[in-house]
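Contents: one structure, followed by commentary.
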Protein chains: 4
Amino acid sequence: MAGSTYGSMFRVTTWGESHGQGIGAIIDGCPAGLALNEEAIQVFLDRRRPGQTKYTTQRNEADAVQILSGVFEGRTTGTPISLAVMNTNQISRDYSEIAGYYRPGHADYTYDAKYGFRDYRGGGRSSGRETIGRVAAGAIASSILKDLGITVCAYTKSIGNVSIDYAKCNKDNILTSPFYMPDMEASAAAEILMQEKMKELNSVGGVIECIISGVPAGIGEPVFDKLDANLGKAILSIGAVKAIEFGSGFQAAEKTGMENNDPFLYTDNGKVTKLSNHAGGILGGISDGSEIVFRAAVKPTASIASTQRTINKAGENININIKGRHDPVIVPRAVVVVEAMAAITLVDMLFMSMTSKMDSIVKFFQKE
Amino acid sequence: MAGSTYGSMFRVTTWGESHGQGIGAIIDGCPAGLALNEEAIQVFLDRRRPGQTKYTTQRNEADAVQILSGVFEGRTTGTPISLAVMNTNQISRDYSEIAGYYRPGHADYTYDAKYGFRDYRGGGRSSGRETIGRVAAGAIASSILKDLGITVCAYTKSIGNVSIDYAKCNKDNILTSPFYMPDMEASAAAEILMQEKMKELNSVGGVIECIISGVPAGIGEPVFDKLDANLGKAILSIGAVKAIEFGSGFQAAEKTGMENNDPFLYTDNGKVTKLSNHAGGILGGISDGSEIVFRAAVKPTASIASTQRTINKAGENININIKGRHDPVIVPRAVVVVEAMAAITLVDMLFMSMTSKMDSIVKFFQKE
Amino acid sequence: MAGSTYGSMFRVTTWGESHGQGIGAIIDGCPAGLALNEEAIQVFLDRRRPGQTKYTTQRNEADAVQILSGVFEGRTTGTPISLAVMNTNQISRDYSEIAGYYRPGHADYTYDAKYGFRDYRGGGRSSGRETIGRVAAGAIASSILKDLGITVCAYTKSIGNVSIDYAKCNKDNILTSPFYMPDMEASAAAEILMQEKMKELNSVGGVIECIISGVPAGIGEPVFDKLDANLGKAILSIGAVKAIEFGSGFQAAEKTGMENNDPFLYTDNGKVTKLSNHAGGILGGISDGSEIVFRAAVKPTASIASTQRTINKAGENININIKGRHDPVIVPRAVVVVEAMAAITLVDMLFMSMTSKMDSIVKFFQKE
Amino acid sequence: MAGSTYGSMFRVTTWGESHGQGIGAIIDGCPAGLALNEEAIQVFLDRRRPGQTKYTTQRNEADAVQILSGVFEGRTTGTPISLAVMNTNQISRDYSEIAGYYRPGHADYTYDAKYGFRDYRGGGRSSGRETIGRVAAGAIASSILKDLGITVCAYTKSIGNVSIDYAKCNKDNILTSPFYMPDMEASAAAEILMQEKMKELNSVGGVIECIISGVPAGIGEPVFDKLDANLGKAILSIGAVKAIEFGSGFQAAEKTGMENNDPFLYTDNGKVTKLSNHAGGILGGISDGSEIVFRAAVKPTASIASTQRTINKAGENININIKGRHDPVIVPRAVVVVEAMAAITLVDMLFMSMTSKMDSIVKFFQKE
């Protein structure tokens, strides 16, 4: 299977390694007639680009995207959109040391176990640079969602033990905070935490929250392709993500049914709403018209400069100090990746849902 | 897409509604030559059967499985295995009341939004009875895993705020405890909690933990079909599950890299091991040879007898009291469902991994 | 993979062996709200039922279909439709002889090579009875197509060297002719041929032609999922089919571009039409609004009573005489199978095509 | 769905238009450890390159392939292989004329019907240049097959009414003949035919035959994913192919069972063989160990310089003369495309077959 394709109707295939020729994505199933240019995609890529603040790696990667196919006269043609970001900043330094041992928390050992050998330069295919393809594809998905009145908004909920206070949040802060936190006080506290951990040659994790607004009720497929199941897969497929929860999530396990059930209510103008949203906008795997809410846990960066114990391929237990420029916290750069994967999943499931009702299908083909 | 098929190489398709003719599953991709009979599957189904203790619904469903195809002379033939459990206990009571309103926490409203109408009898396709097909398929997957030296063991970690103490756990307790808890003290405390909540006409949630042992390093596909991403989808597709975490999970978000990284170590006989397992046995989406560990949050049963606010199809805000026999806690019956979905996913991904290395493929066909 | 599932959006999974408990199909992705009952499916199944004329096997199989799920109050619910035909006429005769050797033209040897052993009773999974599931699913697909104004009409073009004369054809004859031939003169000639070959303990092949009317222009996906490629796969997956051609087919290879190109023309009322239809209604893998036309070659029945050379599992070259009741010609019973597979493929590709244009998608969701 | 991905285990996704930035393919599922470089792929691409003889278009396209990912130190890594051929010879001539009308035999009209507009430059995505991605991927598949002892050999069987005589064939001629015909006398006759048709500003079709040797018995999945069904889809997805037949193909329809059945026979050294191969090496959709044989009909080039009737987008019936450099016969350049698609399909189905038997799977993982 190999696993580099995601989605059924809106299908994304990514390729590329950290230190190869480049990174790219093919988007197959993008409808024809969508306005698209490189600038729109670049805006998303710039949000994951390193070197933006001192809390991300100081590598300077331009990561300029090219559209190689599928767009004609400024609009998508319905055929595969090939996007590529060629690698330009890959220093040809000596990787012989890293080639010989297995970094803790990384995929070095598991790739060797699976494939017999690996492209060890910068993590190869398991590098965070792989997400460039996801973000580029996510930019296109977001553009489709925008035309359908749907917005996906992700931000940092916590860095280490520093969490946002919803009372102090403002969405306008997200792009201002170096951590993409909507609460500037929390963001400032996170800066202090980061400086401390960077001094210790250590790294920090955090939690990303994502809110999707404007999704009509009825999106999601019963049983295996539930909207939360597919969003879960999409988000857990991001390298450093170790957990995901929807609505009240793990807290639901400690609640009673009386506390956790969300009563339905008609608004004064007859719209269906709910008095609470512990469900996170999904009931039985299908959107209920409320905001879709989930949170993802991001582990601390595995590459740290402190001394660590590990093994080498020669059969020895050794100590290592990982060199190079690494993000002391991966969370901020992962925010746009979460947004991208959520957008891709939503487009895919919106498209799937178009065949739910026979009368809608008949109307669709009559209109044509 | 419709969503009732799961898996690529080992593919499970389920069908059936709570109050229809029956529930079933087709397993396509089961290798030929596996010993299989109805008794082996029934053992798994009996673990999710209601009426076992006073903490599950008192409905008495035999849920006897039949093998309709794919097995000849006691062994699988490699062709689709059709399993069916015919419904026998469906009382033809009056469902006109439930047909008219939307139960909080259930899929009534979202199914109507998606499909225009729904089979309202007992929840139809969104009923927990749908998991019969999963468990039956999981029994077959477990049998394959057993032949490969792999075991999947799920149990209840907590009921409401009552959690197990690992120091007091014993795997032998799992099938003894009415909640499938390995710690009998916690199990007793949970009984007290349940009795209290049942008196209140309320319900309780909980957490299920799952340990998979014996998986060789190298299973899982990079990027989108990571082992944790696919396990995540599988588990989140179970009706009442709202969250999943691997290894240290949400706690990883509060840790530093020094704390969270698992140092590799050679054992005295040269085997690769890790000093800790915060990763939950998966690095870069690929198994690392350690135990795979995950936890899933199960929400409290949505069907409660207490008065609840909701809406009806006539456009009115109303109060309801749900009648009928419902589980005051869904967690214990979901344990075997978690085990089933994990087993199915693992078989699927073990099969995928067989084409990772060219030299293994050459050897495979030479041997044939 | 295992291969018993067909389709992406409208997905059919079949199960069952000739002499097992039964044969069935799961249809996942059927839209909600389609009127459906067992009678409508039975009409299709009866067209493939044996014992209708003396040119088909004299086995008397009722083949009564049951709907086990997915239909509520006479309409589909959008969830999987489980269809089953239980086996009732399977005589428990002695199969030990056939178990020991490999019949020429059958899958006995290849199943043993693939799986290590086989269900040898009546051909097991490779029996023509497997098509019951396809035909049942095809009945549902045909019902969807009818609501969309599309008809699929298959008939026998030739039996052995006896071909229909288009000048003498009348569609009303199709169900009258024992061979489903629209030309009654050719049908009579085929009867004479059949009687001769039956006396010789021999069998005959033939060609099935299929015309699909009412398909709008624009159905089919470029490159790999061309409408003709997917129809080709669907038809070639029917057991005895050895070839397929679209439009002028193999004759196109002997034509020039001037002869083979179909000039476009506007009709007086401004509709796009073509002066000829050598393309068979498909250009670049996408429907052009003309009738879709294809032909499939069906091989002569492999099971013949004449003496044949073959091998046994004991390593010996032997002579055999196959016993039992077999169709002297498979073509007439395959006509409805061709129709079913074409209908399933068309529904699947119509559904895929709903996301071709961004503006149609926006309109679809606005309307909702 | 969009249709630009083919295969399940060995998965090829292509992108690119005739006059866009380039053409490419992503191969996901190629096992690690296969020796691979650009030269090996270029050899295949050069066989489809135009300008090789006067019977192909005189455009001079270098079509130089680049490997952008998935190969490290001369071996595949198991991760996606991204291949690209950048367009260099696309003259920016005026396409406004072709933009306004629909060429007979082309996909201009159907793309507009499907997508609302099209990239009209040189046919856009429906151009024959799209096959560059297939051939590049096929080169990799062929390399895998070679390591498994399997060879795929395609050649031209006929050009118009000029057919090869098997008695005069020699495989060494294939690359010598300008038409890839193994019979040099037929090749010479085809040259005379072509010169005549080129003078008439006309074009010619033909038949390609393909022989696959070395496939073990047991490859192919029952029911829908039969080896012939999947090969059929693969070959019919090639632009100009209108028909495919396996073994005796359409001739089987005129034969009797006695004539068409292939008797099995043990050779003196106990190997299973057949006295004839009317089945074309496939029984019940599964390889029987004989040579796999199929033929594909290729239509005459649709682009001809002679005057043709057609319509324009302004609603008028018009006459056109297509300008530009076009192949007077597409058959020779399609030979390597047929070989590529057959190789890709075979690798995919070989990989699928690895999970057919439980004991082989157990052995595989024990060995690991």
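The values are calculated or read from the model by the stated rules, or taken from the named source; none is laboratory data. Keep in mind it's a predicted model, so treat the numbers as computed, not measured. Every residue, glycine as well, gets a Cβ built from its backbone with ideal geometry; the counts of neighbours run over all protein chains shown. Protein only, heavy atoms only, side chains kept; ligands, DNA and RNA dropped before computing areas. Shrake-Rupley method; radii C 1.70, N 1.55, O 1.52, S 1.80 Å.
Descriptive notes on the structure:
- Take C:Asp327: with every protein chain present and a 1.4 Å probe, its accessible area is about 10 Å².
- For the residues B:Met354, B:Met194, B:Met258, a GNM of chain B with alpha-carbon springs under 10 Å puts the largest fluctuation on B:Met258.
- Heavy-atom SASA rank of B:Cys169, B:Cys153, D:Cys210 (probe 1.4 Å, accessible area, largest first): B:Cys169, B:Cys153, D:Cys210
- Dipole in debye (nearest 20) - the protein assembly as shown, about Cα centre, beta carbon charges: Lys, Arg +1; Asp, Glu -1: 0
- Shielding by other protein chains, D:18-30, mean Cβ within 10 Å: 5
- Around C:Asn37: net Lys/Arg minus Asp/Glu count, Cβ-Cβ under 14 Å: -2
- In this structure, the amide hydrogen of B:Ile318, modeled 1.01 Å from its nitrogen in the peptide plane, lies closer than 5 angstrom to those of B:Thr310, B:Ile311, B:Asn312, counting only residues at least 5 positions away or on a different chain.
- Ranked from largest, the principal axis spans of the Cα set of chain D equal 66, 49, 37 Å.
- Accessible area, probe 1.4 Å, largest first, for residues D:Glu245, D:Glu191: D:Glu191, D:Glu245
- Legend: calculated FRET efficiency, C:Asp147 to A:Thr151, from the Cβ-Cβ distance at R0 = 45 Å, rounded to 0.05, equals 0.80.
- Top positive-direction residue, dipole computed over chain D with Cβ charges, set D:Ala243, D:Phe294, D:Ser306: D:Ser306
- Inter-copy label distances at D:Tyr166, using a point 7 Å along Cα-to-Cβ, come to 3.2, 7.0, 7.7 nm with the shortest given first.
- Against the main long axis of the alpha-carbon atoms of chain A, helix A:184-199 sits at an angle near 20°.
- Here the chain A residue lying nearest the rotation axis onto D, judged by its C-beta and given with the distance in whole angstrom, is A:Thr13, 2.
- Measuring nothing but protein heavy atoms, the accessible surface of the protein assembly as shown at 1.4 Å probe radius is 49 percent carbon and sulfur.
- Those residues of region A:147-166 for which accessible area with every protein chain present is at least 30 Å² below the isolated value (1.4 Å probe): A:Asp147, A:Leu148, A:Gly160
- Derived scalar couplings between HN and Hα for region A:263-270 equal x, 7, 7, 7, 6, 4, 9, x Hz in order, rounded to whole Hz, by the Karplus curve 6.51 cos²θ - 1.76 cosθ + 1.60 (θ = phi - 60°), x for Gly and Pro.
- Between helix B:331-352 and chain B: long-axis angle, C-alpha atoms, 0 to 90°, nearest 10: 40
- Each residue of the protein assembly as shown gets 169 Å³ once the volume of the Cα convex hull is shared out per residue.
- Around A:Leu275: net Lys/Arg minus Asp/Glu count, Cβ-Cβ under 11 Å: +1
- Between region C:111-148 and region D:72-134, the alpha-carbon center distance in angstrom: 38
- At a probe radius of 1.4 angstrom, the accessible area of the protein assembly as shown per residue rounds to 31 square angstrom.
- Euclidean distance of C-alpha centroids, region D:274-314 and region D:328-344, integer Å: 10
- Between copies, C:Tyr266 shows label-point distances of 5.2, 7.4, 8.1 nm, shortest first, with the point placed 7 angstrom from Cα along Cα to C-beta.
- Computed from backbone phi, the HN-Hα couplings of region B:63-75 come to 6, 8, 8, 10, 8, 9, 6, x, 10, 9, 6, x, 10 Hz, rounded to whole numbers (Karplus: 6.51 cos²θ - 1.76 cosθ + 1.60, θ = phi - 60°; Gly and Pro given as x).
- Report summary: the helix-based calculation at 222 nm, which adds -39500 (n - 2.57) for every DSSP H run with n ≥ 4 and divides by the residues of the protein assembly as shown, gives -8500 deg cm²/dmol.
- Rounded to the nearest 20 debye, the dipole magnitude of chain A is 700 debye, with +1 charges on Lys and Arg beta carbons, -1 on Asp and Glu beta carbons, and the Cα centre as origin.
- Label sites at A:Met86 and B:Ala188, each approximated as a point 7 angstrom past Cα along Cα to Cβ, lie 7.3 nm apart.
- Degrees, to the nearest 10: A:358-367 long Cα axis against longest axis of chain A: 90
- Interface burial for B against A (accessible surface, 1.4 Å probe, total of both chains, Å², rounded to 100): 8600
- What separates the Cα centres of region B:226-257 and region C:4-19 is a distance of 33 Å.
- Taking all protein chains as they are arranged and a probe of 1.4 Å, the heavy atoms of D:His278 leave approximately 50 Å² accessible to solvent.
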